[in-house]
1. Limited to segment 133-151, what total is found for residues that are assigned to a strand (DSSP E or B) and in contact with a Lys or Arg (Cβ under 9 Å, 6 or more places away or on another chain)?
2. For segment 186-203, how many residues are part of a helix (DSSP H, G or I) and surrounded by fewer than 23 Cβ atoms within 10 Å (Cβ to Cβ)?
3. Determine, yes or no, whether ARG232 is more than 23 Å from the chain's Cα centre (by Cα) and either touching a residue at least 40 places away in the same chain (Cβ under 8 Å) or not assigned by TED's automatic domain parsing to the domain that holds VAL332 (or both).
4. Could you grab me the full set of residues in segment 342-360 that are of a type outside the set (Val, Ile, Thr), modelled with pLDDT of 95 or more and surrounded by 18 or more Cβ atoms within 10 Å (Cβ to Cβ)?
5. If you scan segment 362-393, which residues turn out to be closer than 26 Å to PRO325 by Cα and either acidic (Asp, Glu) or modelled with pLDDT under 95 (or both)?
6. Among the candidates GLY91, GLY49, GLY61, single out the residue that is assigned by TED's automatic domain parsing to the domain that holds GLN181, of a type in the set (Gly, Ala, Ser) and either part of a strand (DSSP E or B) or within 17 Å of ASP208 (Cα to Cα) (or both).
7. In segment 268-296, which residue that is in contact with a Ser or Thr (Cβ under 7 Å, 6 or more places away or on another chain) and not in a helix (DSSP H, G or I) is surrounded by the fewest Cβ atoms within 10 Å (Cβ to Cβ)?
8. Sort out which residues of segment 204-245 are surrounded by 23 or more Cβ atoms within 10 Å (Cβ to Cβ) and in a loop (DSSP other than H, G, I, E, B), and write them in order of number.
Amino acid sequence: MVYNVALHVGALLCLPFWLVARLFRGRYRGQFKERMGILPDDLLRAFPGEGAVWIHAASAGETAAAAPLVRRLRDLLPRRPFLFTVTSRYGKEMAVRRLSGVVDAIAFSPLDLPLFCRRFLRRVRPSLYVMVETDLWPNLVVLAKRRGAKVAVASGHAGPRTFPRPFWRSVFRSIDLLLMQSESDARHIVARGAPAERVRVAGNLKFDGAARMEATALPAWRAELKLPGGARVLVAGSTLLEDEAPVLDAVRALRAEGIDLVAVVAPRRQERVAPLLEACAARGLPAATRTGGGSGAVLVLDTMGELQRAYEVADVAYVGGGFTPEVGLHNVIEPLVCEAPVLMGPHRGKARRLAEEVLRAGAGVEVVDGAALAAELRALLLDGGRRDALAAAGRGLLAAHRGAADRQAGSLAELLR
């Protein structure tokens, strides 16, 4: 009751912002109706009756992680229609790239208001509702279960409590299966009120979500990015304002020392592209954008969906977010897949446990500030043996974790048998 009152008040307070963002900035265009549970007729034609499989992931990172699970589950349940939903524009763009032709429809999920949830569920009529990485919405969970759907969590992780244990216990009663990433996550979710008999440890989907480019394609990809033949490459992925200054300062310092270094920088949000170019100019670093087709000391990826491929050309990778306490690290698995040693800041956020595992395995290095980033980058660029050792540690870590998508798809399919 308190939760729903807070949701309605919050929705009313945010409505003017949404309207302004839509009218003047073009944001949220095409989202409003779907977020209210109103789906277009052409989408609904894919769901003529009961039995749909509905999989939900919040953003682009979770969508990329969910993709192999969706493919394997589709193989196990070939006759059921599949719906994939997201909550962000970037998540939908990722879903279209990764899952078009795999699922029957891609849409924005409804806001967790009872009216919108009921409207959405009446139209889709799912038999299975799967939430990826515990993007858990209480009204959707309870109402989906009440309509007879099986409800599950895939690749779940348990963060800090946001509501009291009695609240979560009432929600967890409507979830049939919680597939958690680790023993620690399983313990925490049980402590928050989940029935222990419904909780299993099934691994982290992110270890299955990234695939390597064919080695024969690498020279053409490097040429497409206009990277000089003998230059070392730093790929800085998912950067925020707090990451970009230390990265650019390090690049400028090492180039001044005579190290032939090029940086490929992928900002977490496209809104950062123009400020990033200005920061390069202020430091005297020639810069170009991917869509602009130029070349320079810094190449800014102003496209979506190319970061994983960019890590393929990295001698060293820096994963953004770690210098921003309220955000934390982005995906540290993508560069490991590409055998790139990983540098990361000290603030890990939701990636805390995974980052600690990477550091324990010797596949990455923590840097506490910009000076440490420059020093570690210099050391790695000048020591090929150390780079190889970190890459080998990353390969070992990946090999130990892969297979989560197969395990979880099998467990989810069992719910419908």
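1. 1
2. Residues flagged as part of a helix (DSSP H, G or I) and surrounded by fewer than 23 Cβ atoms within 10 Å (Cβ to Cβ) within segment 186-203 amount to 8.
3. yes
4. Within segment 342-360, LEU343, MET344, GLY345, HIS347 qualify.
5. Within segment 362-393, GLU366, ASP369, GLU376 meet the criteria.
6. GLY61 is the lone residue from the list that is assigned by TED's automatic domain parsing to the domain that holds GLN181, of a type in the set (Gly, Ala, Ser) and either part of a strand (DSSP E or B) or within 17 Å of ASP208 (Cα to Cα) (or both).
7. Result: THR291.
8. Across segment 204-245, the qualifying residues are ASN204, ASP208, GLY209.
The values are calculated or read from the model by the stated rules, or taken from the named source; none is laboratory data. Note that the coordinates shown come from a computational prediction; the quantities given were computed from them, not determined experimentally. Because the Cβ atoms are built from the backbone with ideal geometry, glycine has one as well, and the counts that use them run over all protein chains shown.
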